[in-house]
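The values are calculated or read from the model by the stated rules, or taken from the named source; none is laboratory data. Quick caveat: nothing in here was measured; it's all calculated off a predicted structure. Please note: Cβ atoms are built from the backbone with ideal geometry, for glycine as well, and neighbour counts cover all protein chains shown.
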Amino acid sequence: MSGPSDYQPSNPALKWLERRLPIIGLVHSSFVAYPTPRNLNYWWTFGAILSMMLAVQILTGVILAMHYTPHADLAFKSVELIVRDVNYGWLLRNMHACGASMFFFAVYIHMFRGLYYGSYKEPREVLWILGVIIYLLMMATGFMGYVLPWGQMSFWGATVITNLFSAVPYFGESIVTLLWGGYSVGNPTLNRFFSLHYLLPFVIAGVVVLHVWALHVAGQNNPAGVEPKTEKDTVPFTPYATIKDLFGVSCFLIFYAWFIFYMPNYLGDADNYIPANPGVTPAHIVPEWYYLPFYAILRSIPNKLAGVVAMFSAIIILCFLPWLDSARTRSTKYRPLAKQFFWIFVVVCVLLGYLGSQPPEGVYVIAGRILTVCYFAYFLIVLPLLSRIETPKPVPNSIADDVLAKSGKAIASVVAVLVVAGGLLVGGAQSAKAEDHGDAPPAQKWSFSGWKGTFDRGALQRGLKVYKEVCANCHGLSYVAFRNLADPGGPGYSVAQASAFASDYKIKDLNDAGETFERPGRAADYFPSPFPNEQAAAAANGGKAPPDLSLMTKARSYKRGFPWFLLDFFSQYQEQGPDYVNAILIGFEDKAPAGVTIPEGTYYNKYYPGHAIKMPKPLNDGQVTYDDGSPTTVAQYAHDVTTFLMWTAEPHMEARKRLGLQVFVFLILFAGLMYFTKKKVWANAH
Amino acid sequence: MNPDAATIAAGAPIEVDLTPVAEGQDIKVFWRGKPIYISHRTKKQIEEAQKVPLSSLPDPQADSARVKAGHEQWLVVIGICTHLGCIPIAHEGNYDGFFCPCHGSQYDSSGRIRQGPAPANLPVPPYTFVSDTKIQIG
């Protein structure tokens, strides 16, 4: 895209094509011969990383859409069936869900890089503004995608975010009705969000083409912030930038794979494993981590309209950055004052993100207000002022000079800052939940924890027995089919054993006359629920329906707190759910401790939030007989049934961890190969 | 993209029988996908709601304007927090009314905002008394 290509194909067929559609020449001039500054550092590889992430999201998304049902009654179940029944469905879903977070993570680095090196300055204003548009489209797409699984956070996030538009004077209510397609968030809302979530990525792809076009017209900025002058300042895109980008991409893939295979729920919210319920609001509605700074700005302003305006301004203000910062020196490297303020700004953004995840009370509100002022002050006061009063250091004469004077800057420390910051953000999102939980559940030793964890077959079989004889009297297990008992990575039964197990159950079916009759269960049938519907379940259990247990160990969590959530990222600890479920089962006490009164019809449980649980103590010593000689104690029952419920919540966990190991070995080898290839290619360019 | 005919038809008025709701109790019914609280207020709750000086309210509205004359014991409000749309919990908070668990807004026994970030009172849906013990919402 930088002028007519000098590309001359030698193959006659290509010559023929080139004279009619010079597409190969276009690709050649844009991605092969295109001159790229010699001094680009690794922060510049995030452009390639983002292109890859967009492609990954579109690819996985299109396949997921083939299996997804956009209906309020079926969406949650269809997502669960993707994970359980579709070939590698769990992988697709993890890639897509974690991919959204990785996409935002990369875009934030890309944006901060642009901010630091002044990539928005003349002549790259349009390039920058196109970037802000892409970012806005990404936010809309990400939000609508989060609604599609139709869990509790999906539903209530959709409610809160669509209600933001009700703050618009005069037209607010009409806009909200238009978004909902009804009188509240419901099936029409889910349908249109699905349609838009499918459309917007292609719009993003279109704007990305414009973004890359504008980039190739203006040329890439570089760490020195001086334009290339001679041939010595640049290297051809291929192989130099290509191989460097490939190395960057493969390192990023390692980071991404860590989430896909080992921490798929680290960035998510346990509440989203509870199906949407318009009648119950979760205690803390927290958006995904990448929206948290803006959510904090929204909440720190006591007036509803002003809060919404401030939140949107916080993004729109980026469009005006090229004119707010009029300093002639591009790169912050040569601006000692701007450099300090830049890092303060980064900290402000991270802290805002942390506050966005905390309940809006007390000191958090005050801190949120101060940081909101700081955020806007950076753009409206600091940058305009600095560009007038600051004396920059001399910039190098040319890029070639910059390369020669290069000194190894402390990139490691920057990486460390970013990792800690990112961890703080995501961890904050997790810890925002359930402030008023009881005591922290004691951490248990689980056979399935860690990178090579597998289910203990004996525990699964015993847990199934405990479920069948005790839990199944009140709780359903509706996402698990009898055939699953014979699946690899499960309790280890044979197909015949699973069928025999199924035939013990009576399943309701319809005969030719349309009458209901009961027949023995088949392997393809699902565990029958003990009650015909939720109302009957609630009526029989003192007004509160016993929840389905299929996803219980993923739908419950407890606050980990600082610094645990940071360590969890490295230790792969993600057994909050099993620990909690186990704790509830062993946490019953005959009577409440002195000074604590609990309502009539509830039971005291040490680990239940609020301590008053509707479920009576379900397990007693000796209640279930074990054939394998395991102790028949409450502790053993609880441990076994929790292991079993972890398997029902994630039947493909063993496959996930096994494939993860293979992918890691491959990626590490691949990244190493790319690194040495890159060194070789660049050997004479440095 | 406005609501389709089926959605509008499903939003037709509904009738609710009030006889099972004892004094001090409340029920939640769904109309147009929105939760509607119908509270049978106690004498204390009614008195509190009527006695509050209007000047002290963020969104001043007399209790008499929010209930039907002659049926002061019945409060009918849409249970959607006017801040960001969560569902407040009945019989919680410091004002004998509703408490929103999301961002801490508190409403009194007349459903009026008393404390927290919500800008307005809980809206009263259109309803009429068909008889002394039955209302029609919508």
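Checking the condition surrounded by fewer than 21 Cβ atoms within 10 Å (Cβ to Cβ), of a type in the set (Val, Ile, Thr) and either over 24 Å from the mean Cα position of the chain (by Cα) or within 22 Å of A:ASN41 (Cβ to Cβ) (or both), which residue from A:ILE344, A:ILE315 passes?
Only one candidate passes the filter, namely A:ILE344.
Just for the range A:347-372: of the residues that are in contact with a Gly (Cβ under 6 Å, 6 or more places away or on another chain) and of a type in the set (Ser, Thr, Tyr), which one is farthest from the other protein chains (Cβ to nearest Cβ)?
Among those residues, the one meeting the criterion is A:TYR354.
Could you tell me whether A:VAL83 is assigned to a helix (DSSP H, G or I), of a type in the set (Val, Ile, Thr), buried (at least 17 other Cβ atoms within 10 Å of the Cβ) and touching a Lys or Arg at 6+ places or on another chain (Cβ under 9 Å)?
Criteria met by A:VAL83.
Select, from A:ASP509, A:ASP504, the only residue that is charged (D, E, K, R), touching a residue at least 12 places away in the same chain (Cβ under 8 Å) and out of contact with any Ser or Thr (no Cβ under 6 Å at 6 or more places or on another chain).
Only one candidate passes the filter, namely A:ASP504.
Of the numbered conditions (1) of a type in the set (Gly, Ala, Ser); (2) surrounded by 21 or more Cβ atoms within 10 Å (Cβ to Cβ); (3) under 21 Å from A:TYR256 (Cα atoms), A:ALA75 satisfies every one except a single condition; which is it?
Looking at each condition in turn, A:ALA75 falls short on (3).
Please work out which one of (1) within 14 Å of chain A (Cβ to nearest Cβ); (2) in contact (Cβ under 8 Å) with a residue 40 or more places away in the chain; (3) not in a loop (DSSP other than H, G, I, E, B) is the condition B:ILE27 fails and give its number.
Failing condition for B:ILE27: (2).
Look through B:GLY93, B:GLY116 and report the one residue that is at positive phi, over 12 Å from the mean Cα position of the chain (by Cα) and away from chain A (no Cβ under 11 Å).
Among B:GLY93, B:GLY116, only B:GLY93 is at positive phi, over 12 Å from the mean Cα position of the chain (by Cα) and away from chain A (no Cβ under 11 Å).
Among the residues of the range A:563-573, which ones are buried (at least 18 other Cβ atoms within 10 Å of the Cβ) and either hydroxyl-bearing (Ser, Thr, Tyr) or in a loop (DSSP other than H, G, I, E, B) (or both)?
Listed by number, the list holds a single entry, A:TYR573.
Within the range A:566-573, can one find any residue that is hydroxyl-bearing (Ser, Thr, Tyr) and under 23 Å from A:THR648 (Cβ atoms)?
yes
Within the range A:402-410, is there a residue that is within 14 Å of chain B (Cβ to nearest Cβ), at pLDDT below 90 and part of a helix (DSSP H, G or I)?
Among the residues of the range A:402-410, not one is within 14 Å of chain B (Cβ to nearest Cβ), at pLDDT below 90 and part of a helix (DSSP H, G or I), which makes the answer no.
Residues of the range A:154-192 being away from chain B (no Cβ under 12 Å) and buried (at least 22 other Cβ atoms within 10 Å of the Cβ), which ones?
A:SER154, A:LEU190
Could you grab me the full set of residues in the range A:513-562 that are assigned to a loop (DSSP other than H, G, I, E, B), in contact with a Ser or Thr (Cβ under 8 Å, 6 or more places away or on another chain) and not aromatic (Phe, Trp, Tyr)?
Once the filter is applied, which keeps residues that are assigned to a loop (DSSP other than H, G, I, E, B), in contact with a Ser or Thr (Cβ under 8 Å, 6 or more places away or on another chain) and not aromatic (Phe, Trp, Tyr), the range A:513-562 yields A:GLY521, A:ARG522, A:ALA523, A:SER529, A:ASP548, A:LEU549, A:SER550, A:LEU551, A:LYS559, A:ARG560, A:GLY561.
Among the residues of the range A:117-139, how many are surrounded by 21 or more Cβ atoms within 10 Å (Cβ to Cβ) and either within 18 Å of A:VAL346 (Cα to Cα) or of a type in the set (Lys, Arg) (or both)?
So the count comes out to 6.
So how many residues does the range A:463-501 have that are more than 24 Å from A:GLU654 (Cα to Cα) and hydrophobic (A, V, I, L, M, F, W, C)?
Selection size over the range A:463-501: 5.
Taking interchain pairs and intrachain pairs at least six residues apart, which have beta carbon atoms under 7 angstrom, with the first residue in the range A:627-641 and at negative phi and the second among the β-branched types (Val, Ile, Thr) and exposed (fewer than 11 other Cβ atoms within 10 Å of the Cβ)?
A:THR632/A:THR625
(1) within 14 Å of chain B (Cβ to nearest Cβ); (2) modelled with pLDDT of 95 or more: which one isn't true of A:ILE344, the others all being true?
Tallying (1) within 14 Å of chain B (Cβ to nearest Cβ); (2) modelled with pLDDT of 95 or more, A:ILE344 fails exactly one: (1).
Take the residues of the range B:30-49 that are in contact (Cβ under 8 Å) with a residue 60 or more places away in the chain, more than 14 Å from chain A (Cβ to nearest Cβ) and of a type outside the set (D, E, K, R): which is nearest to A:GLY181 (Cα to Cα)?
Looking at residues that are in contact (Cβ under 8 Å) with a residue 60 or more places away in the chain, more than 14 Å from chain A (Cβ to nearest Cβ) and of a type outside the set (D, E, K, R), I get B:ILE38.
Any idea which of (1) assigned to a loop (DSSP other than H, G, I, E, B); (2) under 25 Å from A:TRP128 (Cβ atoms); (3) free of Cβ contacts under 8 Å to residues at least 12 places away in the same chain is the one A:VAL395 doesn't satisfy?
Unmet condition: (3).
Answer yes or no: is there a residue in the range A:587-598 that is crowded, with 20+ Cβ neighbours inside 10 Å, aromatic (Phe, Trp, Tyr) and either in contact with a Leu (Cβ under 9 Å, 6 or more places away or on another chain) or touching a residue at least 12 places away in the same chain (Cβ under 8 Å) (or both).
Yes; the residues of the range A:587-598 include at least one that is crowded, with 20+ Cβ neighbours inside 10 Å, aromatic (Phe, Trp, Tyr) and either in contact with a Leu (Cβ under 9 Å, 6 or more places away or on another chain) or touching a residue at least 12 places away in the same chain (Cβ under 8 Å) (or both).
Being within 14 Å of chain B (Cβ to nearest Cβ) and either touching a residue at least 60 places away in the same chain (Cβ under 8 Å) or aliphatic (A, V, I, L, M) (or both) narrows it down to one of A:ASP271, A:ASP233, so name that one.
Sole residue among the options that is within 14 Å of chain B (Cβ to nearest Cβ) and either touching a residue at least 60 places away in the same chain (Cβ under 8 Å) or aliphatic (A, V, I, L, M) (or both): A:ASP271.
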